[in-house]
Amino acid sequence: MNLDVAATGSITVPAIDLRTTDDVFARETADARAAVTPRPGSTLIADSVSAWFGQRKVLEQVSLAMRPNEVTALIGPSGCGKSTFLRILNRMHELVPSAGLAGQVLLDGVDIYGSQMRVTETRLKIGMVFQKPNPFPTMTIEENVLSGLKLSGSKPTMDKRQLVESCLRRAGLWEEVKTRLDALGGALSGGQQQRLCIARALAVTPDVLLMDEPCSALDPMSTRIIEETMRELVQQVTIVIVTHNMQQAARVSDQCAFFLVEEMEQPGRVVEAGTTSQMFSAPGDPRTSDYIQGRFG
Amino acid sequence: MAMPATNMMTVEERPRSFGASRTRGDAVFRGLTSSAGVFVFILIGSIAAFLIINGWPAISSVGLGNFLTSTKWQPVGLKPSYGVAGLLYDTILVSGIALVAAVPVSVGTAVLINEYAPKRLRSTLTGLVDLLAAFPSIIFGLWGLFYVMPNANGVAGWLSRHLGWIPLFQADGGLYTNSIFMAAIVLSIMIVPITTSIVREVIAQVPRDQCEAALGLGGTRWGMVRRVILPFGRSGIIGGAMLGLGRALGETVAIALILSPLFKIQASIIKPGGSTVASTIFNEFNEADLAHRQALMAIGLALFVLTLVVNSIARLAVSRSKGAGASSR
Amino acid sequence: MTDTALYPAESPSLASPMPDEPRVIARFGRIDVAEIIGSAISAAALTWLLFSAVAWNGAFGALLIWYATFIVMYRTVARAVHGRLVATDRVMTVVLTTCAALAFVPLVMIIIFVVSKGLKYLTASFFTDTLEAVGPQDSGGGAFHSIVGTLQQVGLAAAVAIPLAILTAVYLNEVKGRMSRGVRFVIDSMSGLPSIVAGLFVYSFWVVELGKGFSGFAGSMALIVLFIPTVTRASEEMLRIVPDSLREASLALGAPQWKTVLRVVLPNARSGLISAAILGTARAIGETAPMVLTVLGSSSLNWNVFEANQDDLPLFILKLIRSPNETQIARAWTGALVLVTLVLFLFTLARILGRDRRKATR
């Protein structure tokens, strides 16, 4: 099996060069305002995002464009704010009582922290898959897939059974569970649970899917299946993934952003961002190449 | 080639507000649960206030110092005297003896259930202990009255014959029923399940890898219990003991059935007679006039404060040992 | 033993394959049992000798001295055979077993005692008759009025207190509002409220000062006061063990908080909440002292829980057990049996409903 070839083969060389982040930001915002790209795919833009926990600043001035039909990987050593950044993107950050935030996050040009967007609506549009699989243990597989609709009170776009099948198929789980849709979600293996969580996130037809180290608790086989699933899904949704696995970042992502805490007690920053092929072949910052080649972190 | 974000022009660098985050459903939900919380707060808080307001006249009529130190409980008559010291003495004595007897047994039982008993038996025994912790105290009282008193008379007699030189076991001979000793036996049997249940819960939290490390080093099972489990569970044991004590202090019916009222401190625990705070309230409430009722409320308040202190220590100890988790040894 | 014996050149399993079935790993052999029995017997002999020589008497003293001698002897024997560490381990095992026996034997005895005494009077009429116009010596007469009272008082208290307690627990653990510190403080302090004091409160406030008189409802109020702190604390504990990741999963799907609580948190804590509620009810059923102060007791049937004194099972037992009459005492024991059965039933129910169906299917 040669995933690297498969993954790199599908990487499209971007038309726009990501030279500087604010450059990108300006162009992307303009893009998003000018022509609303028809589904699938939405543009998510973080504009000068800083974050605090209590008095401690954990992220400083992160600006990043996550573009439609691309997988953006957030890489960097532990504790550099990748996960915090990801949680800011669908307003999970504010669940921590002491959390603070500056800057804005634009979904197709609209600030998700603005007063015109409700938090539930935002999260409906920007789905999330967590590090540890967390299917609802009291619900069956089918109920788990449909749980987003029930919980958010939104109407299904198609027949329920069809929706369940299509979501499970897209998450690469259908063949394994089609005979036992009424088994409890907790009865699956870890990798299957994680794909169930992906199916659950897909059922509400999000524009963006955030994945926080989705494979870190899984074995290589499950990881492979989920990576394949991601490459399929990116045709329809924008994907942002946090990963510690450099090979994974190289395999699945089109864009990369490298987060780093430069000194102790300092907030995390984006040191470098660009296309995956560029970041991996010719990184602009020596620290990026050190990290990617495994010399630290 | 890319640029670090720090070089960007600084926008506003202060935390912003998160915007609208609640739906109308959430507002209703928060309103509903908050009003339940506030209602409970007011309801329960007003009981404490009521007790204080109604108990205070009795306390202030004899003075707080006198109330706490006097052993004379004579609520009826022209010149009533409300001294809670004697009642508290008996209450603490009977609960204290019960506790001393119950704690070693509880700890031993908890360790046996958790570490020695076969897995299948473990859940049954745990269930049995939990069931008995929920047993009505009047049943313990009946058993004490009809079984313990006749049968433990011999034990009390033996104690007085052989240990009579200790004032605690001094008796004039004959009858040992209706004594603090009998009440304490029943109380100790009553609090064993409660204490066992708490101690067992706490020592079940001992990280298994530490136990296995002790065994893996060639230690015996008892070595593991002594070196790993008991040190870990120490505050849990204190907490469990204190919760048992809290229950014993407030116990009413089992004591009222066994102990014959006597408002005089006596050194011996095997002579008949004694009065705890709870049994006094129980025995006197019905013929009490207003002043007497306020006096009862005052001693009830004193008992409440005592159990409050004991329970706070217990809760602190249990939460500390539970929170210790994997980090402590 | 020589090295060759320990490590034979050819593995024996090749020549004669070991049986492929689980073998018993022995921990405690016949010799170990013999050590215990031997020590016990010789300790008994020594005790007998002591008692006949010094002319002591009393079964309790004999037992005490026998046990002490037994422990010393067993330790000596075990130490000679197995060494110091193992001897301590063995002795402590015996001591711990003794502790458990001391804990469980009285409890088993109580149950046997209640059952054997209670069965004598257990007839169908016990559940249909009252004590109205039943003389102490008459046959018949039952606790129907008490059972009705118990069910009404406890049912009323549970119906009010359980929803309130669970809502409060949700407030404390999910909403975490501004008042939660105050509420938690009050709940924590009042969970130590002696039941007699709760009874005294309702008696002084409701029965006497407001002049409402004794009633089943007054008893319910005392029970509510005792109920709320315990059930709230237990429920909060149950909500706390629902993992945060499930709450996050639900919120990340765009669910508002109330739906997250209703559809995700509460279903996950369901079994724990049910058993907390049932155990609270079981405790309430046995409460005696506060009921004496609020319900008073009665020997006739009173269907109206809100008016006039009622009876309930603990009061029934308490009143009859103090009577000098044998028949009355027998009735009290039957009442105790019914009460214990009721508690046992509720407890079993809590265990069954509290069992996690997720664990069973995994």
- Neighbours by Cβ (under 7 Å, 6+ apart or cross-chain): first from region C:106-125, within 8 Å of chain B (Cβ to nearest Cβ); second in a loop (DSSP other than H, G, I, E, B) and not charged (D, E, K, R): none
- region B:76-120: number of residues that are in a loop (DSSP other than H, G, I, E, B) and among the charged types (D, E, K, R): 1
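Count, please, the residues in region A:256-297 that happen to be part of a loop (DSSP other than H, G, I, E, B) and either β-branched (Val, Ile, Thr) or touching a Ser or Thr at 6+ places or on another chain (Cβ under 6 Å) (or both). Give the steps one after another, and end with the answer.
Here is the first cut: in region A:256-297, the ones part of a loop (DSSP other than H, G, I, E, B) are A:261-267, A:282-285, A:293-297.
Still in the list and also either β-branched (Val, Ile, Thr) or touching a Ser or Thr at 6+ places or on another chain (Cβ under 6 Å) (or both): A:261, A:283.
Summing the residues that are part of a loop (DSSP other than H, G, I, E, B) and either β-branched (Val, Ile, Thr) or touching a Ser or Thr at 6+ places or on another chain (Cβ under 6 Å) (or both) in region A:256-297 gives 2.
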- Task: Scan region B:274-287 and give yes if some residue there is of a type in the set (A, V, I, L, M, F, W, C) and without any contact (Cβ under 8 Å) to a residue 12 or more places away in the chain, otherwise no.
- Result: yes
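Could you tell me whether B:PHE29 is within 14 Å of chain A (Cβ to nearest Cβ) and either in a helix (DSSP H, G or I) or closer than 30 Å to B:SER275 by Cβ (or both)? Step through it out loud before you land on a result.
Details: within 14 Å of chain A (Cβ to nearest Cβ): yes; either in a helix (DSSP H, G or I) or closer than 30 Å to B:SER275 by Cβ (or both): yes.
In short, yes.
Can you confirm whether region A:171-185 contains a residue that is among the small types (Gly, Ala, Ser), part of a helix (DSSP H, G or I) and at pLDDT below 90? Reasoning before the result, please.
Initially, region A:171-185 is screened for residues among the small types (Gly, Ala, Ser), giving A:171-172, A:183, A:185.
Of the ones still in play, those that are also part of a helix (DSSP H, G or I) are A:185.
If we keep only those that are at pLDDT below 90 as well, we get A:185.
Yes, some residue in region A:171-185 is among the small types (Gly, Ala, Ser), part of a helix (DSSP H, G or I) and at pLDDT below 90.
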- Qualifying positions in region A:48-101 - part of a loop (DSSP other than H, G, I, E, B), within 11 Å of chain B (Cβ to nearest Cβ) and over 18 Å from the mean Cα position of the chain (by Cα): A:GLY54, A:GLN55, A:SER98
- Task: Could you figure out which of (1) surrounded by fewer than 18 Cβ atoms within 10 Å (Cβ to Cβ); (2) closer than 26 Å to B:GLY141 by Cβ; (3) touching a Gly at 6+ places or on another chain (Cβ under 7 Å); (4) of a type in the set (Ser, Thr, Tyr) isn't true of C:SER116?
- Result: (3)
- Quick one: in region B:114-138, of everything that is more than 7 Å from chain C (Cβ to nearest Cβ), among the β-branched types (Val, Ile, Thr) and crowded, with 18+ Cβ neighbours inside 10 Å, which residue is farthest from the chain's Cα centre (by Cα)? B:THR126
- Task: Looking for whichever is of a type in the set (A, V, I, L, M, F, W, C), more than 10 Å from chain C (Cβ to nearest Cβ) and part of a helix (DSSP H, G or I) here; the options are B:LEU296, B:LEU245, B:LEU257. Which one fits?
- Result: B:LEU245
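Can C:GLY140 be described as surrounded by fewer than 21 Cβ atoms within 10 Å (Cβ to Cβ), more than 28 Å from C:THR281 (Cβ to Cβ) and touching an Asp or Glu at 6+ places or on another chain (Cβ under 7 Å)?
Numbers: surrounded by fewer than 21 Cβ atoms within 10 Å (Cβ to Cβ): yes; more than 28 Å from C:THR281 (Cβ to Cβ): yes; touching an Asp or Glu at 6+ places or on another chain (Cβ under 7 Å): yes.
Spelling it out, C:GLY140 is indeed surrounded by fewer than 21 Cβ atoms within 10 Å (Cβ to Cβ), more than 28 Å from C:THR281 (Cβ to Cβ) and touching an Asp or Glu at 6+ places or on another chain (Cβ under 7 Å).
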- Item | Residues within region C:224-246 that are within 16 Å of C:ALA276 (Cβ to Cβ) and either within 14 Å of chain A (Cβ to nearest Cβ) or not β-branched (Val, Ile, Thr) (or both), tallied | 13
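Check every one of the helices (runs of 4 or more DSSP H) wholly within region C:245-362 and list those with 3 or more residues that are small (Gly, Ala, Ser).
Details: elements: C:266-286, C:289-294, C:313-321, C:326-354, C:357-361.
In region C:245-362, C:266-286, C:326-354 are the helices (runs of 4 or more DSSP H) which contain 3 or more residues that are small (Gly, Ala, Ser).
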- Query: Just checking, which of C:GLY177, C:GLY155 is surrounded by fewer than 18 Cβ atoms within 10 Å (Cβ to Cβ) and within 11 Å of chain B (Cβ to nearest Cβ)?
  - Reply: C:GLY177
- Message: Among the residues in region A:96-115, are any closer than 25 Å to A:ILE292 by Cα and either of a type in the set (Lys, Arg) or at pLDDT 90 or above (or both)?
- Response: no
- Task: Exactly one condition in (1) under 25 Å from A:GLU70 (Cβ atoms); (2) surrounded by fewer than 21 Cβ atoms within 10 Å (Cβ to Cβ); (3) not aromatic (Phe, Trp, Tyr) is not met by A:ASP219; state its number.
- Result: (1)
- Conditions (1) buried (at least 20 other Cβ atoms within 10 Å of the Cβ); (2) under 26 Å from the mean Cα position of the chain (by Cα): number failed by C:PRO256: (2)
- Task: For region B:189-236, name all the residues that are within 24 Å of B:VAL129 (Cα to Cα) and in a loop (DSSP other than H, G, I, E, B).
- Result: B:ALA204, B:GLN205, B:VAL206, B:PRO207
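Anything in region C:111-129 that is aliphatic (A, V, I, L, M) and either under 21 Å from the mean Cα position of the chain (by Cα) or at pLDDT below 90 (or both)? List them, or say none. Give the steps one after another, and end with the answer.
Just the residues of region C:111-129 that are aliphatic (A, V, I, L, M), to begin with: C:111-112, C:114-115, C:119, C:122, C:124.
Within region C:111-129, C:ILE111, C:ILE112, C:VAL114, C:VAL115, C:LEU122, C:ALA124 qualify.
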- Is region C:206-215 home to any residue that is within 8 Å of chain B (Cβ to nearest Cβ) and part of a helix (DSSP H, G or I)? yes
- Query: When region B:71-111 is examined, which residues are found to be surrounded by fewer than 18 Cβ atoms within 10 Å (Cβ to Cβ) and within 13 Å of chain C (Cβ to nearest Cβ)?
  - Reply: B:PRO104
- Go through region C:288-312 and give me each residue that's at the interface with chain B (Cβ under 9 Å from one of its Cβ atoms) and under 24 Å from the mean Cα position of the chain (by Cα). C:THR288, C:ALA289, C:PRO290, C:VAL292
- Query: When the residues of region C:320-342 are filtered to those that are out of contact with any Phe, Trp or Tyr (no Cβ under 8 Å at 6 or more places or on another chain) and of a type in the set (Gly, Ala, Ser), which remaining residue is surrounded by the fewest Cβ atoms within 10 Å (Cβ to Cβ)?
  - Reply: C:SER323
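Conditions tested, residue by residue: (1) in contact with a helix residue (DSSP H, G or I) (Cβ under 9 Å, 6 or more places away or on another chain); (2) among the small types (Gly, Ala, Ser); (3) crowded, with 24+ Cβ neighbours inside 10 Å.
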residue	(1), (2), (3)
B:ILE189	yes, no, yes
B:ILE194	yes, no, yes
B:GLY216	no, yes, no
B:GLY219	yes, yes, no
B:PRO261	yes, no, no
B:LYS264	yes, no, no
B:ILE281	yes, no, yes
- State yes or no: is B:GLN210 under 25 Å from the mean Cα position of the chain (by Cα) and among the polar types (S, T, N, Q)? no
- Item | Any pair with Cβ under 7 angstrom, 6 or more apart, that starts in region C:261-287 at a residue that is over 14 Å from C:ALA165 (Cα atoms) and more than 12 Å from chain B (Cβ to nearest Cβ) and ends at one that is among the hydroxyl-bearing types (Ser, Thr, Tyr) and in a helix (DSSP H, G or I) | C:VAL264/C:SER250
- Query: Got at least one residue in region A:187-204 being assigned to a helix (DSSP H, G or I) and surrounded by fewer than 17 Cβ atoms within 10 Å (Cβ to Cβ)?
  - Reply: yes
- Message: Quick check on this structure: which one of B:GLY45, B:GLY37 is closer than 24 Å to C:THR232 by Cβ and surrounded by 20 or more Cβ atoms within 10 Å (Cβ to Cβ)?
- Response: B:GLY37
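Suppose we filter C:PHE126, C:PHE104, C:PHE70 for residues that are in contact with a helix residue (DSSP H, G or I) (Cβ under 9 Å, 6 or more places away or on another chain), surrounded by 17 or more Cβ atoms within 10 Å (Cβ to Cβ) and over 25 Å from C:GLY286 (Cα atoms); which single one remains? If you could, list the steps in order and put the result at the bottom.
Numbers: C:PHE126 fails: over 25 Å from C:GLY286 (Cα atoms); C:PHE104 fails: over 25 Å from C:GLY286 (Cα atoms).
Going through C:PHE126, C:PHE104, C:PHE70 in turn, the sole match is C:PHE70.
The values are calculated or read from the model by the stated rules, or taken from the named source; none is laboratory data. Note that the structure is a prediction, hence the values are computed from the model and not measured. Reconstructed Cβ throughout: ideal geometry from the backbone, glycine too, with neighbour counts over all protein chains shown.
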